[in-house]
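Undergrad: This is the structure I have questions about; it appears just below.
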Ligand SMILES: [Zn+2]
């Protein structure tokens, strides 16, 4: 298999399409996009093989520290409009971590963000001229990775127990330390660095590669809306589970390296599962063997890079890596069409998650998103406090027709538009343009918050209802 990276799905297409013009290595951009996307969808997506989490933690180690890291501004330009994310740079102390957590929580409470954040920059402080990852920061970092159900118990880091501190939101890391800083990692607690996949940044000397698809923006936007509206619980296909077992078995072999630095690799299976889940979520499918393979390709690069960075016996590392490559190749079975995830399956781990408080309350979500503004005409009915603003939650497929109370079937409307819509004076097209059924005029498109996904089955049901209602009325006039 060599050291090839498999550029998978819309995230892979993003990297191939954008890296050249931006002057960055496509593999670096792919990794960075995977970390970003994993954090962006983490509040919505759960994995069957891992309790809830999908966030991918990476550190891109710069051999030569660039004056300004190009990856983050690039990601912000490419992804923030599609999958908005709270980004916190250079969180180096426990207090800064807590401040970032509280800022994220405040944004959630105000309806302005999700319970997820991405840590960028570098986690190292300079202590007497020597870069250092502080012990007190390691506690909350490990908790953010493990969640409260698996508190770390070993290691030198002192941290307050999970019951004493706020459960952190979903956290991913996209650290970009310099090699000088990174070397400080070795001296500190091994339990923290194994949670991060470490990569060396590459010199940019890449022949242009064409992406498979130029529709990655549309695909990611769709996947993001899908994630937050169906809250998918992603299962692994049989073939994917088989490959994962192979990786997990080989994880036990890192001990053979008899090198304290082998601790860097103890969580390869965890990393592969998280990356595979992130990739599957970007394609709205169950996790297939192709996702596990693509994830292993990234993890394999991290294993090789890390062994170089710490100057390990690379022959021994390569032996394990090649063994794993061979076993994965043997275990690979062709898989047919990837299975789209459709249903909104209950998430057995949801009680451990730090969900948005509005998660189950569709009406409250509407109020937060639209602040009382009518989605059809834009009217805001301002009232004296405490009512502030008046708007109505309108069902698209009517309640009397068994329309559910879910956000995909609800609109935030002013009372006039609500009456017109409920009585068939207005219908919506599949493009969500508003049609006046009396005049036949097509109005502007429905105003839509970027997280508001409207299920077209309800729109069609509403349209059909008023079409079939008009038919008998016409007959009665003609007879
Ligand atoms: Zn209105």
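Nothing in this text is a laboratory measurement; each read-out follows from the coordinates by a stated rule. What you see is a predicted model, and the numbers here were worked out from it, not measured in a lab. Quick reminder, even Gly has a Cβ in these numbers, built from the backbone with ideal geometry, and neighbours come from all protein chains shown.
Undergrad: Got a sec? How would 401, 259 order by Cβ neighbour count within 10 Å, fewest to most?
TA: Fewest to most other Cβ atoms nearby, the residues stand as 401, 259.
Undergrad: Grab the eigenvalues of the alpha-carbon gyration tensor for the stretch 362-478, scale each by 5, take roots, and send me the semi-axes largest first in whole angstrom.
TA: Listed largest to smallest, the semi-axes of the stretch 362-478 are 26, 15, 13 Å.
Undergrad: Rounded to the nearest 0.05, what FRET efficiency is calculated for residue 313 and residue 80 with R0 set to 41 Å and r the Cβ-Cβ distance?
TA: Plugging the Cβ-Cβ distance into 1/(1 + (r/R0)^6) gives 0.45.
Undergrad: Could you calculate the contour length gain from residue 266 to residue 68, that is, 0.36 nm times the residue separation minus the distance between their Cα atoms, to one decimal place in nm?
TA: Taking 0.36 nm per residue and subtracting the Cα distance, the gain is 68.1 nm.
Undergrad: Also, I was wondering about something else. What list do you get for 452, 88 if you sort them by fewest beta carbons within 10 Å?
TA: So the residues, fewest neighbours to most, are 88, 452.
Undergrad: Another question, if that's okay. The stretch 267-339: D in µm²/s via Stokes-Einstein (Kirkwood Rh, Cα pairs, 25 °C, 0.890 mPa s)?
TA: After rounding, the answer is 186 µm²/s.
Undergrad: As a footprinting exposure proxy, order 407, 275 by other Cβ within 10 Å, with the fewest listed first.
TA: Fewest to most other Cβ atoms nearby, the residues stand as 407, 275.
Undergrad: Find the Cα radius of gyration of the stretch 9-149, compare it with 2.2 N^0.38 Å by division, and give the number to two decimals.
TA: Its radius of gyration relative to the 2.2 N^0.38 Å reference: 1.10.
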